[in-house]
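Encoded as structure tokens, the structure appears first; notes follow it.
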Amino acid sequence: MKTRPAPHELETVNYRGHKITFEDNLAARSLFGEQNRHLRQIEDILGVQIHARGNTVSLHGDLITAQLVEKLLKELYGLIEEGYPIYESDIDYAIQILSSNDRVKLKDIFLDTVYITSQKKPITPKGLAQKEYIEAVRKYDIVFGIGPAGTGKTYLAMAMAISLLTKGHVNRIILTRPAIEAGESLGFLPGDLYEKVNPYLRPLYDALHDIMRYEKASQLMEQGTIEVAPLAFMRGRTLNDCFVILDEAQNTTPEQMKMFLTRLGFCSKAIITGDITQTDLPNGKTSGLVQAKAILQGIAGIRFVMFSKIDVVRHRLVRDIIKAYEALDEKENLHKSR
């Protein structure tokens, strides 16, 4: 977290609109946060001073940043007026979005509800890449979501799948992953086949149960409406009227990726997610995801959406961790090239 600059380090903004007044008392209170906590959060991240008196705030800082803060506050206020609850994480996401493109309307992103969970929590995009991803899933039958962990690739795909199932647009959801992790072999793991593959599928169960009540999800799985299975179980099948999610696709071989993609039947969608920088395949083995990215991008009806570290929607420290490891990789690659 950035240290808040001392008052003498800040240049007072003298431009029209440096004072902002919000008409609705309750909405302004929600915007400012308890004891102005949201305003303090914005100060810490962007390095401005925000003074609140009643429903009016005044900004002190450099001109460009102050204009960004004004845009941010007005956009967040508009969300609150629409009944959207503002959390600290939403402020982080909003700052990321507007910092990259200040012409974006936050309503177009945050109010695009994909699904409402059993806890009445709306699942919406939290950034430009997520918005692009959701639009791609709606429009295309095969979508690749490629990028680092924490960018919402699998979670949003799961939400879209459950939404389409609930609306009757698909009859089944199939969730699958390759059973390869850190070089381990299933044959050396204890238990029957289910016990061996279950640890690899656990992240898919976690996402499913976060979106849907456990009892409802279990019922749909018992009925076969939702199926969670290792990728090897897809061989020889034709998947009609399905929403299929292949997770951790960077760990597929080219043969497995081809097998999976050619399973798709009529009235079905396939979402393939993965991080091409985190493959667990043996050294020298080509990733099916990397190969697919190279040879399929020109095909109409297939869409690739690329995520980066700025799209991470987990704890803000996750972005810093990813950045640190990327810097280390660059340093090591530079050293090897010498």
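The values are calculated or read from the model by the stated rules, or taken from the named source; none is laboratory data. Note that the coordinates shown come from a computational prediction; the quantities given were computed from them, not determined experimentally. Here the Cβ is made from the backbone with ideal geometry for all residues, glycine too, and neighbour counts use every protein chain on show. Ligands, DNA and RNA are excluded from the accessible area calculation, which covers all protein heavy atoms including side chains. Shrake-Rupley method; radii C 1.70, N 1.55, O 1.52, S 1.80 Å.
Taking Rh as the Kirkwood radius computed over C-alpha pairs, what is the Stokes-Einstein D of the chain at 20 °C in a medium of viscosity 1.002 mPa s, expressed in µm² per second? Don't skip to the end; give the middle numbers.
On the way: Rh = 22.3 Å.
Taking Rh from Cα pairs, D becomes 96 µm²/s.
With each run of n ≥ 4 DSSP H residues scored as -39500 (n - 2.57), what mean residue ellipticity at 222 nm is computed for the chain after dividing by its residue count and rounding to the nearest 500 deg cm²/dmol?
On the way: 12 runs with 148 residues, N = 338.
After summing the helix terms and dividing by residue count, I get -13500 deg cm²/dmol.
Can you tell me the length gained on complete extension of the stretch residue 277 to residue 44, counting 0.36 nm per residue apart and subtracting the Cα distance? Could you put the intermediate results ahead of the total?
Values: separation 233, 0.36 × 233 = 83.88 nm, distance 3.19 nm.
Net length gain for the segment: 80.7 nm.
Work out the FRET efficiency for residue 202 and residue 26 from their Cβ-Cβ distance, taking R0 = 56 Å, and round it to the nearest 0.05. Walk me through the numbers on the way to the answer.
Values: r = 42 Å, r/R0 = 0.75.
Using R0 = 56 Å, I get an efficiency of 0.85.
Report, for the chain, the % of DSSP beta bridges that are antiparallel, rounded to 5. The partial results should precede the final answer.
Values: 10 of 35 bridges.
Just about 30 percent of them are antiparallel.
Using the Cβ atoms and a cut-off under 10 Å, what net charge is assigned to the surroundings of residue 118, where Lys and Arg are +1 and Asp and Glu are -1?
With Lys, Arg at +1 and Asp, Glu at -1, the neighbours total +2.
At a Förster radius of 45 Å, what calculated FRET efficiency corresponds to the Cβ-Cβ distance of residue 258 and residue 108, to the nearest 0.05? If you can, show how the numbers build up before the last one.
On the way: r = 37 Å, r/R0 = 0.82.
Approximately 0.75, to the nearest 0.05.
Could you give the nm distance between label points at residue 222 and residue 291, where each point is 7 Å from its Cα heading toward the beta carbon?
Those two pseudo-labels are separated by 4.1 nm.
How many angstrom separate the Cα center of the stretch 115-154 from the Cα center of the stretch 220-248?
20 Å
If packing is taken as the average count of other Cβ atoms within 10 Å, what order do 237-245, 52-60, 115-123, 169-177 fall into, highest mean first? Walk me through the numbers before you get to the answer.
Numbers: 237-245: 19.0, 52-60: 15.8, 115-123: 13.9, 169-177: 20.9.
Answer by packing, highest mean first, reads 169-177, 237-245, 52-60, 115-123.
Can you tell me which of 291-297, 128-134 comes out highest on packing, and rank the rest after it, using the mean Cβ neighbours within 10 Å?
On the way: 291-297: 14.6, 128-134: 21.9.
Packing proxy ranking, top to bottom: 128-134, 291-297.
With every protein chain kept in place and ligands, DNA and RNA left out, what is the accessible area per residue of the chain? Probe 1.4 Å, answer in Å². Write down the numbers at each step before the final one.
Working: 18050 Å² over 338 residues.
With the other protein chains kept in place, the chain gives 53 Å² per residue.
What are the ³J(HN,Hα) values, in whole Hz, obtained from phi via the Karplus relation 6.51 cos²θ - 1.76 cosθ + 1.60 with θ = phi - 60°, for each residue of the stretch 94-104 in sequence order, with x given for Gly and Pro?
Computed from phi, the couplings for the stretch 94-104 are 4, 5, 4, 5, 6, 5, 8, 7, 7, 8, 5 Hz.
If you add up the charges near residue 153, with Lys and Arg at +1 and Asp and Glu at -1, over every other residue whose beta carbon is less than 11 angstrom from its beta carbon, what do you get? The partial results should precede the final answer.
On the way: positive: none; negative: 247, 248, 275, 311.
Result for the local shell: -4.
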